[in-house]
1. Can you say whether ASN294 is assigned to a helix (DSSP H, G or I), in contact (Cβ under 8 Å) with a residue 24 or more places away in the chain and within 17 Å of THR115 (Cα to Cα), as far as the supplied structure shows?
2. Is there a residue being aliphatic (A, V, I, L, M) and modelled with pLDDT under 95 anywhere in region 104-113?
3. Could you tell me which numbered condition LEU33 fails, if it satisfies all but one of (1) assigned by TED's automatic domain parsing to the domain that holds ALA263; (2) in contact with a Gly (Cβ under 9 Å, 6 or more places away or on another chain); (3) of a type outside the set (Val, Ile, Thr)?
4. Residues of region 121-153 being out of contact with any strand residue (DSSP E or B) (no Cβ under 9 Å at 6 or more places or on another chain), farther than 24 Å from LEU185 by Cβ and buried (at least 21 other Cβ atoms within 10 Å of the Cβ), which ones?
5. Can you confirm whether region 198-205 contains a residue that is part of a helix (DSSP H, G or I), more than 28 Å from ARG314 (Cα to Cα), away from the ligand (no atom under 16 Å from the Cβ) and touching a residue at least 12 places away in the same chain (Cβ under 8 Å)?
6. In the list THR196, THR225, THR241, which residue meets the criterion of being crowded, with 20+ Cβ neighbours inside 10 Å and within 28 Å of ASN270 (Cα to Cα)?
7. For region 93-110, name all the residues that are open to solvent by less than 20 Å² (accessible area, probe 1.4 Å), among the β-branched types (Val, Ile, Thr) and either over 20 Å from ARG191 (Cβ atoms) or out of contact with any helix residue (DSSP H, G or I) (no Cβ under 8 Å at 6 or more places or on another chain) (or both).
8. Being away from the ligand (no atom under 16 Å from the Cβ) and in a loop (DSSP other than H, G, I, E, B) is true for just one of SER73, SER107. Which residue is that?
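The values are calculated or read from the model by the stated rules, or taken from the named source; none is laboratory data. Everything numeric in this text was worked out from a predicted model, so none of it was measured. So basically every Cβ, Gly included, is an ideal-geometry build from the backbone, and we count neighbours across all protein chains shown. Heads up: the accessible areas ignore ligands, DNA and RNA and are worked out on the full protein's heavy atoms, side chains in. Shrake-Rupley method; radii C 1.70, N 1.55, O 1.52, S 1.80 Å.
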Amino acid sequence: MQDIRQLSLEELTNYFLEMGEKRFRAKQVYEWLWQKSARSFAEMTNLSKNLRTHLETHFLLRPIEIDKVQHSSDGTIKTRFRLYDGYLIESVLIPVPSEKRFTVCVSSQVGCSLTCSFCATGRMKRERNLDAGEIYDQVVMVNQQSLEKFGHPLTNIVYMGMGEPLLAYKNVLKSVEHLTSPEGLNMSPRRITVSTAGIAKMIKKLADDKVRFNLALSLHAADDTKRNEIMPINEQNNLETLMEALIYFHEHTGNRITYEYIAFNNFNDNIGDAKRLAKLCRSFPVKINIIEYNAIDDAPFSKSEEDRLDIFARYLSDHGVNVTVRRSRGRDIDAACGQLANKDA
Ligand code: SF4
């Protein structure tokens, strides 16, 4: 049986017309599936009983289920979801009530194939890509949490959870389509950021596909030797190739580009690194988020000392780079950057 959420509105309409149903019925079902996030066909109360039974016997509807919720002392909420086939994934709600900013960080794959040395997800085998509905559901359910707990809907969506979004390319783009469509959540694509470890070919493809969302590159090192050491993907996608792809992305879309840069003590946080990083900011407008590292078990790194980080960030801002240091959130519940691994503790 086919998952009904794999069908576009057009495909659903054709299906309904072929079975002798009115065109508007397809629109109704589509709205139940996306705008109203129905979790079963039984909920679709404006359809006849017969039609609901027909759909039940011909299609699958497989929403994700909440498995576990953990609250950090700083307000961050991590939710573990169970997928229809038993796999677990995680999403994180990062609230900043003072700025009315409520961000969800969503996963795009079960596990990850890219084995970045500092990341807990990279130690899990990549099992499969999430489908568009499973990505969409994370946003809907965390939006609900945000409304219940903070009385405010989500304002931002970042694809920075488990997995490499550009390796789940089709499904990620489809999920964005639903999130931004009036028949879905109607969110602005400017509020969405897709983050990649750096796959040059796919960054160019985003530009060719004229996406309207923002792009973040998990840079984490400003020279190839260091980057190869922590991110094996850099061996086939070195900095020169990545910069060329980002220039292409900027020229073709004009969308915002951010570098994510986790500061590792004595590894990538000296003045030489800052100089090289500043150089990578000259070809297009870019903002750098420096992120405090959260050590995971057996990782060879520790987080940058406060003084080193201050000097590093000051060098960048003194040289005209738009830089923000992001203190870590949700560390006590393993919800911070690089910590997502379906742990129970
Ligand atoms: S940092 Fe991202 S790309 Fe790298 S292993 Fe972790 S989830 Fe995968």
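1. On the way: assigned to a helix (DSSP H, G or I): no; in contact (Cβ under 8 Å) with a residue 24 or more places away in the chain: yes; within 17 Å of THR115 (Cα to Cα): yes.
It is false that ASN294 is assigned to a helix (DSSP H, G or I), in contact (Cβ under 8 Å) with a residue 24 or more places away in the chain and within 17 Å of THR115 (Cα to Cα).
2. No, that holds for no residue.
3. Single failed check for LEU33: (1).
4. GLY122 - this is the single residue of region 121-153 that is out of contact with any strand residue (DSSP E or B) (no Cβ under 9 Å at 6 or more places or on another chain), farther than 24 Å from LEU185 by Cβ and buried (at least 21 other Cβ atoms within 10 Å of the Cβ).
5. Step one: list which residues in region 198-205 are part of a helix (DSSP H, G or I), which gives 200-205.
Next cut, more than 28 Å from ARG314 (Cα to Cα) only: 200-205.
Add one more test, that the residue is away from the ligand (no atom under 16 Å from the Cβ), and what stays is 204-205.
Then keep just the ones that are touching a residue at least 12 places away in the same chain (Cβ under 8 Å); that gives 204-205.
The answer is yes, given that some residue of region 198-205 is part of a helix (DSSP H, G or I), more than 28 Å from ARG314 (Cα to Cα), away from the ligand (no atom under 16 Å from the Cβ) and touching a residue at least 12 places away in the same chain (Cβ under 8 Å).
6. The match here is THR196.
7. THR103, VAL110
8. SER73
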